[in-house]
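Colleague: Take a look at this one; I'll ask things after.
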Amino acid sequence: MGTSIFNFYLLGQPFNGVLSFCMTGIISLSAFSFSPIPFLIGILITMAAMTPGILQNFGLTGLLDTITLSFLIFYFSLYKKHAEKKYLIMLRKQKSILEARTFGNFTLFFDSHVVKFSRTKSLELLGYLIYKNGSSVNTKELITVLWGDHADSSRYGNNLRNLIIDIKKTFSELGIQTFFITEYNNFRINPEVIKCDYYDFLDGDKKAINRFAGEFMNQFSWAENEISFLEKKALKK
């Protein structure tokens with residue numbers, strides 16, 4: 001907001017000063033997360049400093065327009081804060097009821113019920129993404145993992161798309177949000193919204209370490225390579 005006052009008085013550019021004030025408020029609202037009260041104080045201080053100059057250069061109408069825009073910016077800062085709080089509550093609630101168990105056979109639970117998909121490999125796809133712990137995986141890698149090293153992307157690409165549709169449809173019906181993330185040619189999960197024994201193990205949780213008995217996603221052949229790593233890590237704890 002200091003840039004607005006600098007432009008307005010020190011540079012003698014009242015129009016640029018008002019424009020800077022409005023643009024700073026809008027950009028800050030769009031790009032940052034902050035408490036509305038300090039934001040309001042900043043708006044009030046800047047408005048108090050610029051009011052005489054706005055009246056002199058733009059008249060009462062210009063002042064009222066600026067005040068209206070300031071009010072709208074503050075209102076939307078309150079709305080954004082409320083939306084962010086609601087979103088965080090939703091994430092915490094989802095994490096409490098979305099759970100992946102990886103020691104033994106891989107099973108996905110939602111609200112204490114096993115999540116079932118229409119296609120068998122949908123579960124394997126999710127298991128691999130959970131194993132990747134939030135890292136993005138491209139289409140080629142997923143096809144190789146699911147159908148082997150010699151799988152042709154052009155041939156199996158449609159199969160993969162069907163799995164993606166199946167996962168999205170299942171999650172949509174259950175109300176699972178912000179967990180399965182698809183981007184252009186890349187796929188990942190959000191590890192922050194799921195409870196997972198594998199993640200607890202990696203974080204050094206003693207209960208998770210004690211639950212590990214040398215088995216990890218037993219039904220998937222690619223998961224065998226991770227067992228030796230987990231065994232070595234368990235011995236160090």
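The values are calculated or read from the model by the stated rules, or taken from the named source; none is laboratory data. Nothing here was measured: the structure is a model prediction, and the numbers come from that model. Accessible surface is based on the protein model in full, side chains and every heavy atom, while ligands, DNA and RNA are left aside. Shrake-Rupley method; radii C 1.70, N 1.55, O 1.52, S 1.80 Å.
Colleague: Could you give each residue of region 205-211 its phi-based ³J(HN,Hα) in whole Hz, using Karplus coefficients 6.51, -1.76, 1.60 with θ = phi - 60°, and x for Gly or Pro?
Modeller: With coefficients 6.51, -1.76 and 1.60, one gets 5, 5, 5, 5, 5, 5, 6 Hz.
Colleague: Follow-up question, since we're still on this one. If the viscosity is 0.890 mPa s and the temperature 25 °C, what Stokes-Einstein diffusion coefficient in µm²/s follows for region 142-192 when Rh is the Kirkwood radius over Cα pairs? Can you show the working numbers first?
Modeller: Details: Rh = 12.1 Å.
Reported coefficient: 203 µm²/s.
Colleague: While we're here: Express the accessible area of region 93-237 per residue in Å², computed with a 1.4 Å probe while the remaining protein chains stay in the model. Don't jump to the answer; show the numbers that get you there.
Modeller: Details: 8250 Å² over 145 residues.
It amounts to 57 Å² per residue over region 93-237.
Colleague: I'd like to know how region 111-236 sits against the 2.2 N^0.38 Å rule of thumb: what's its Cα Rg over that expected value?
Modeller: The reported ratio for this selection is 1.11.
Colleague: What percentage of the solvent-accessible surface of region 165-218, computed with a 1.4 Å probe over protein heavy atoms, is contributed by carbon and sulfur atoms? Present the calculation step by step, with values, prior to reporting the outcome.
Modeller: Numbers: 1380 of 3010 Å².
C and S fraction of accessible area: 46 percent.
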